[in-house]
1. Give me a count of the residues in region 76-90 that are farther than 19 Å from PHE28 by Cβ and either surrounded by 15 or more Cβ atoms within 10 Å (Cβ to Cβ) or touching a Lys or Arg at 6+ places or on another chain (Cβ under 9 Å) (or both).
2. Looking for something of a type outside the set (S, T, N, Q), under 15 Å from the mean Cα position of the chain (by Cα) and more than 17 Å from LYS123 (Cβ to Cβ) - is there at least one such residue anywhere in region 86-96?
3. Which number in (1) under 12 Å from the mean Cα position of the chain (by Cα); (2) assigned to a strand (DSSP E or B) marks the one condition that LYS43 misses?
4. Need pairs with beta-carbon distance below 7 Å; first residue in contact (Cβ under 8 Å) with a residue 24 or more places away in the chain and among the small types (Gly, Ala, Ser) and within region 115-127, second surrounded by 18 or more Cβ atoms within 10 Å (Cβ to Cβ) and assigned to a strand (DSSP E or B); sequence gap 6+ or separate chains.
5. Inspect all residues belonging to region 94-113 and state whether any of them is touching a residue at least 40 places away in the same chain (Cβ under 8 Å) and surrounded by fewer than 15 Cβ atoms within 10 Å (Cβ to Cβ).
6. Tell me, which residue of region 30-43 that is out of contact with any Ser or Thr (no Cβ under 7 Å at 6 or more places or on another chain) and at pLDDT 95 or above is surrounded by the fewest Cβ atoms within 10 Å (Cβ to Cβ)?
7. Looking only at region 71-83, how many residues end up being free of Cβ contacts under 8 Å to residues at least 60 places away in the same chain and closer than 14 Å to ILE113 by Cβ?
Amino acid sequence: MILQTKYQGEVEINSHDIITFDNGIPGFLDERKFIILPLPDNKAISILQSVNTSELAFVIADPFIFFKDYEFSLDDQTIHQLEVKDESVIYIKVILTIQDPFNKTTANLQGPIIVNTNINKAKQLILKNSIYKTKHPLFKENIESVKG
């Protein structure tokens, strides 16, 4: 299937790779079908592209590459909703807010995206009572500049 995308023009995708967010993404509740598109020569960052709206795409990253101590627990509702029977079938991404220059980019660690790769179901989990914020600097040299 051919998909028109925000950042990569027309791309061919396999419909089996479409990820479903049963409840949409906060702020985009009607958007339920997405595909993860890799960036050439970049394993850390990819694009979460809406299948239905070509102009809706999020830059996402593997948080563990940038934040080695990042951790949280999945609540029972998320485990049930995503039908997680084994944690090895899930992967976690976070949405980035790209800045210019790029080294000022931030990551939303308070709202990780959880994907069950066995059934391609996903959810953006909003962590409550968390030490994480929606705008953590991606690069350590900018941590001091956003405190306060």
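1. Number of matching residues: 4.
2. yes
3. Among (1) under 12 Å from the mean Cα position of the chain (by Cα); (2) assigned to a strand (DSSP E or B), the lone unmet condition for LYS43 is (1).
4. Once the first residue is in contact (Cβ under 8 Å) with a residue 24 or more places away in the chain and among the small types (Gly, Ala, Ser) and sits in region 115-127, its partners that are surrounded by 18 or more Cβ atoms within 10 Å (Cβ to Cβ) and assigned to a strand (DSSP E or B) give ALA122/ILE19; ALA122/PHE21; ALA122/ILE113; ALA122/ILE114; ALA122/VAL115.
5. Taking every residue of region 94-113 in turn, none turns out to be touching a residue at least 40 places away in the same chain (Cβ under 8 Å) and surrounded by fewer than 15 Cβ atoms within 10 Å (Cβ to Cβ).
6. ASP30
7. Selection size over region 71-83: 4.
The values are calculated or read from the model by the stated rules, or taken from the named source; none is laboratory data. Just so it is clear, the structure is predicted and the values come from calculations on it, not from any experiment. Here Cβ is always computed from backbone atoms with ideal geometry, including for glycine, and neighbour counts include all displayed protein chains.
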